Amino acid sequence: MRLEEQSTLIRDAVSAEYAEIVVFITELGGTTALMLLLAVLFWWSSRRRSALVISYAVAGLALLLSLKALFALPRPPVDAMLVPLETERTGYGFPSGHAFAATVVYGGLVSAYDRTRDTRALLAAGTLVVLVSLSRVVLGVHYLGDVIVGAVLGIGFVLAMDRLTG
């Protein structure tokens, strides 16, 4: 279910010399980068649309934390990590919060700004989600199954929230 063997193949494909790049990419799905993006958009763009995505992110966090506690599945072992990341050793590993958050925020922005028919916007959001998700596997803090489930849950969550909010 968690695709451990496939995760090992992905981790082994990237050497430690690229660790800084991988850490930068993973941060694009982290709380700090996403909240900064949403704050900037709130102040410099459409407040209504940005607030909508902020509400998605907050509601999504509650769902994600509940699911992590419900499943209580551990992260990969420490020896799977590309570089030592002490802050990434706490908490549960399933589903991936970074994959979920990146999907909810980037996908939510595409939806809230009415760009769902814009191929470039969808491709950009999708690329960011895939890069963030794979970076989590490369860093060894998630299995491939964790990030796939996180992203799929994020897509479902955005679709449900769009339906609820009209």
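Below are the figures for this structure:
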| quantity | calculated |
| --- | --- |
| Residue check, residue 52 touching a Gly at 6+ places or on another chain (Cβ under 9 Å) and of a type in the set (A, V, I, L, M) | yes |
| Pair list, Cβ under 7 Å, 6 or more apart: the range 142-156 residue surrounded by fewer than 22 Cβ atoms within 10 Å (Cβ to Cβ), other residue in a helix (DSSP H, G or I) | 153/100; 155/103; 155/107 |
| Only one of 34, 70, 61 that is outside any loop (DSSP other than H, G, I, E, B), aliphatic (A, V, I, L, M) and surrounded by fewer than 13 Cβ atoms within 10 Å (Cβ to Cβ) | 70 |
| Candidate set from the range 11-29 (those that are under 18 Å from residue 80 (Cβ atoms) and part of a loop (DSSP other than H, G, I, E, B)); member that is most open to solvent (accessible area, probe 1.4 Å) | 13 |
| The one condition in (1) within 21 Å of residue 147 (Cα to Cα); (2) free of Cβ contacts under 8 Å to residues at least 12 places away in the same chain that residue 39 fails to fulfil | (1) |
| Qualifying residue in the range 58-75 (condition: more than 14 Å from the chain's Cα centre (by Cα), modelled with pLDDT of 95 or more and of a type in the set (Ser, Thr, Tyr)) | yes |
| Only listed residue being touching a helix residue (DSSP H, G or I) at 6+ places or on another chain (Cβ under 9 Å), surrounded by fewer than 20 Cβ atoms within 10 Å (Cβ to Cβ) and not hydroxyl-bearing (Ser, Thr, Tyr), chosen from 108, 91 | 91 |
| Test: residue in the range 33-46 that is closer than 16 Å to residue 135 by Cα and of a type in the set (Val, Ile, Thr) | no |
| Answer from 3, 82, 38 - the residue that is at pLDDT 95 or above and either farther than 20 Å from residue 126 by Cβ or not basic (Lys, Arg) (or both) | 38 |
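The values are calculated or read from the model by the stated rules, or taken from the named source; none is laboratory data. The shown structure was predicted, so the numbers you read here are calculated from the model rather than taken from an experiment. Cβ coordinates were reconstructed from backbone atoms using ideal geometry, including for glycine residues, and neighbour counts include every protein chain displayed. Side chains included, ligands, DNA and RNA excluded: accessible areas come from the protein's heavy atoms. Shrake-Rupley method; radii C 1.70, N 1.55, O 1.52, S 1.80 Å.
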